[in-house]
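A.B. asks: Handing you this structure, nothing more for now.
The values are calculated or read from the model by the stated rules, or taken from the named source; none is laboratory data. Remember, predicted model here, so these are calculated numbers, not experimental data. Every residue, glycine as well, gets a Cβ built from its backbone with ideal geometry; the counts of neighbours run over all protein chains shown.
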Amino acid sequence: MRIGEVAERTELSFRTLRHYDEIGLVPPSARTDGGFRLYTEHDVARILLIRRMKPLGFTLDEMRELLEVVDALASHPDDSELRGRLASIQQEASERRERLTRQVAMADEFLGLLARI
């Protein structure tokens, strides 16, 4: 599929998808003879995975690390070092989610205060 369809499915901009390609985070699987990016379902799954990391504040390098771990686990599913790295990323994601939950609670409290003024 072309970048427009990927942008629509992932709710990311063309600019973001091009940037991910340029930095090697999620390059398209192929290009047309005219140079247009072509993505597969696997590419879209990878993009959706990193898109879900964005609200938690993960950096591009952290996203890259996760993709590297996921790719390596596909070939070596029983590798304990890789499993440990994945567990570490999962723990960090959990902690970041908890922080977001607290922030949303504070935002709700603030909105309640404003409504009473």
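A.B. asks: Please go through region 70-93 and pick out each residue that is among the hydroxyl-bearing types (Ser, Thr, Tyr) and either farther than 14 Å from residue 58 by Cβ or in contact with a helix residue (DSSP H, G or I) (Cβ under 7 Å, 6 or more places away or on another chain) (or both).
C.D. replies: Across region 70-93, the qualifying residues are 75, 80.
A.B. asks: Determine which member of the set 102, 85 is within 29 Å of residue 17 (Cβ to Cβ), modelled with pLDDT of 95 or more and either over 14 Å from the mean Cα position of the chain (by Cα) or assigned to a helix (DSSP H, G or I) (or both).
C.D. replies: 85
A.B. asks: Name the pairs whose Cβ atoms lie under 9 Å apart, with the first residue in region 58-78 and closer than 15 Å to residue 93 by Cα, the second charged (D, E, K, R) and in a loop (DSSP other than H, G, I, E, B), and 6 or more positions between them or separate chains?
C.D. replies: none
A.B. asks: Filter region 79-93 down to the residues that are in contact with a His (Cβ under 9 Å, 6 or more places away or on another chain) and in contact (Cβ under 8 Å) with a residue 40 or more places away in the chain and list them by number.
C.D. replies: none
A.B. asks: Let me ask something else about it. Which condition breaks for residue 34 when tested against (1) assigned to a helix (DSSP H, G or I); (2) under 24 Å from residue 1 (Cα atoms)?
C.D. replies: Just one mismatch for residue 34, condition (1).
A.B. asks: Of the residues that sit in region 1-18 and are hydrophobic (A, V, I, L, M, F, W, C) and not in a helix (DSSP H, G or I), which one is nearest to the chain's Cα centre (by Cα)?
C.D. replies: The extreme case among them is 12.
A.B. asks: What pairs come up if the first residue lies in region 37-57 and is within 17 Å of residue 90 (Cβ to Cβ), the second is acidic (Asp, Glu) and in a helix (DSSP H, G or I), and their beta carbons are under 9 Å apart, counting only those six or more places apart or on different chains?
C.D. replies: As it stands, the answer is 53/62; 56/92, since those pairs meet every condition given.
A.B. asks: In region 37-74, which residues are exposed (fewer than 13 other Cβ atoms within 10 Å of the Cβ), under 15 Å from residue 6 (Cβ atoms) and of a type in the set (Asp, Glu)?
C.D. replies: Scanning region 37-74 gives a single hit, 41.
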